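The values are calculated or read from the model by the stated rules, or taken from the named source; none is laboratory data. On a predicted model such as this, the values are computed, not experimentally measured, just so you know. Every residue, glycine among them, receives a Cβ derived from its backbone with ideal geometry; neighbour counts consider all protein chains shown. We work out accessible area using only protein heavy atoms, side chains counted, and drop any ligands, DNA or RNA first. Shrake-Rupley method; radii C 1.70, N 1.55, O 1.52, S 1.80 Å.
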Amino acid sequence: MDYEAQRISMVEHQIKARGITDERLLDAFRKVERHLFIPGNSDHFAYSDGPMCIGEGQTISQPYIVALMLDLLMLKPNDIVMEIGTGSGYQTALLAELAQQVYSIERISSLAEKAEALLKKLWYTNIRIQQGDGTLGWISEIEDEKNILFDAIVVSAAAPSVPEGLLTQLKEGGRLVLPCGSKFVQDLICVKKENGKIKKENFGGCQFVPLIGEQGW
Ligand code: SAM
């Protein structure tokens with residue numbers, strides 16, 4: 001299978017054709033090998049235009065939706081990012097290509113362990129993965145991380161409302177992207193913290209698995 005050709009076609013026909021033009025972002029999608037993050041029996045569908053199962057009843061999102069969320073984050077190379085819902089680790093790898101340091105939280109320990117092992121094997125050194133409830137934000141005993149603030153936060157599971165715990169860990173000028181709505185259908189929301197105020201913008205309908213936790217479902 002020529003996965004590289006499939007990846008280039010995915011970027012052209014699924015992502016660029018739908019209006020995402022940031023070359024740094026497109027290059028990350030050309031580079032990260034999505035098929036490595038899909039369970040072995042269906043990896044030949046890895047570059048198809050839709051979500052796929054990754055085990056434990058969870059999914060990896062459609063490539064375009066991942067690209068849209070990352071585009072809304074407007075990442076710069078020196079940004080510190082938090083991701084809620086590591087899942088397969090695919091989006092985590094893309095974040096690691098685009099930002100300086102990635103902190104990712106996954107609720108299901110088997111997924112967190114599998115993603116961590118794969119990302120290590122792929123030589124990513126700027127990713128920290130934690131197993132736990134991401135709705136509460138990054139909780140750590142490490143001194144440097146106790147009051148950590150993020151330039152950008154992305155939530156890859158559907159929340160009933162914006163978790164307060166995440167807003168408090170967002171830097172002034174920071175961006176938080178998340179699907180918000182019911183358990184079955186949501187809107188993609190981009191939240192910006194500007195001069196201490198919260199501004200929300202709606203980028204249309206989407207469907208994600210529920211965010212399960214203290215400040216989720
Ligand atoms: N972005 C991931 C990828 O590239 O594979 C897919 C994420 S999947 C749509 C959503 C993930 O969020 C699931 O793995 C689920 O277990 C996780 N999740 C749900 N609630 C969570 C919570 N409170 N904290 C952390 N992870 C959570």
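Can you tell me the 0 to 90 degree angle between the C-alpha axis of helix 63-73 and the longest principal axis of the chain, rounded to 10?
30
Which links in LYS76/LYS199; LYS171/LYS199; LYS76/LYS114; LYS31/LYS192; LYS171/LYS197; LYS76/LYS171 stretch past 22 Å when you go from one Cα to the other?
LYS76/LYS114; LYS31/LYS192
Got a number for carbon plus sulfur as a percent of segment 56-206's accessible area, 1.4 Å probe?
The C+S portion of the solvent-accessible surface of segment 56-206 is 51 percent.
Which ³J(HN,Hα) values in Hz, rounded to whole numbers, follow from the phi angles of segment 8-24 under the Karplus curve 6.51 cos²θ - 1.76 cosθ + 1.60, where θ = phi - 60° and Gly and Pro get x?
5, 5, 4, 5, 5, 8, 9, 10, 5, 4, 9, x, 8, 10, 5, 5, 5
What order do ILE54, ILE142 take when sorted by accessible area (1.4 Å probe), most exposed first?
ILE142, ILE54
Just the number please: accessible area per residue for the chain, 1.4 Å probe, all protein chains included, in Å².
Heavy-atom SASA per residue in the chain reads 47 Å².
Report MET1's accessible area, 1.4 Å probe, all protein chains in place, as a number in Å² to the nearest 10.
150
If I fit a long axis through the Cα atoms of helix 109-121 and take the longest principal axis of the Cα atoms of the chain, what angle between them do I get, 0 to 90°, rounded to 10?
For helix 109-121, the angle is close to 60 degrees.
If amide H atoms are built 1.01 Å from N in the plane of the peptide, which residues on other chains or at least 5 residues away come under 5 Å of the amide H of ASP79?
Excluding prolines and chain starts, which carry no amide H, the hits are GLN100.
Just by accessible area at a 1.4 angstrom probe, what is the order of SER48, SER156 from largest to smallest?
SER48, SER156
So for TYR90, TYR103, what's the accessible-area order with a 1.4 Å probe, most first?
Result of the area sort, largest leading: TYR103, TYR90.
Can you list residues whose amide H is under 5 Å from ARG175's amide H, if they're 5+ apart or on another chain and H is modeled 1.01 Å from N?
Residues meeting the criterion, in which the H sits 1.01 Å from N, are ALA152, ILE153.
Residues in segment 188-214, backbone N under 16 Å from the label point at LEU167 (7 Å along the Cα-to-beta-carbon vector): list them, ranges by number please.
189-202
Compute from the Cα atoms of segment 56-206 the Rg and the Dmax, the latter being the longest Cα-Cα distance, and quote both in angstrom.
Rg and Dmax of segment 56-206, Cα atoms, are 14.3, 41 Å.
Might you work out the accessible area of HIS35 for me, using a 1.4 Å probe with all protein chains in place, and round it to the nearest 10 Å²?
Probe radius 1.4 Å; accessible area of HIS35 about 20 Å².
Which value in deg cm²/dmol, rounded to the nearest 500, describes the helix-derived mean residue ellipticity at 222 nm for the chain, given -39,500 (n - 2.57) per DSSP H run of n ≥ 4 and division by the residue count?
Counting only the DSSP helices, I get -7000 deg cm²/dmol.
SER9: accessible area at probe 1.4 Å, nearest 10 Å²?
Accessible surface of SER9 is approximately 50 Å².
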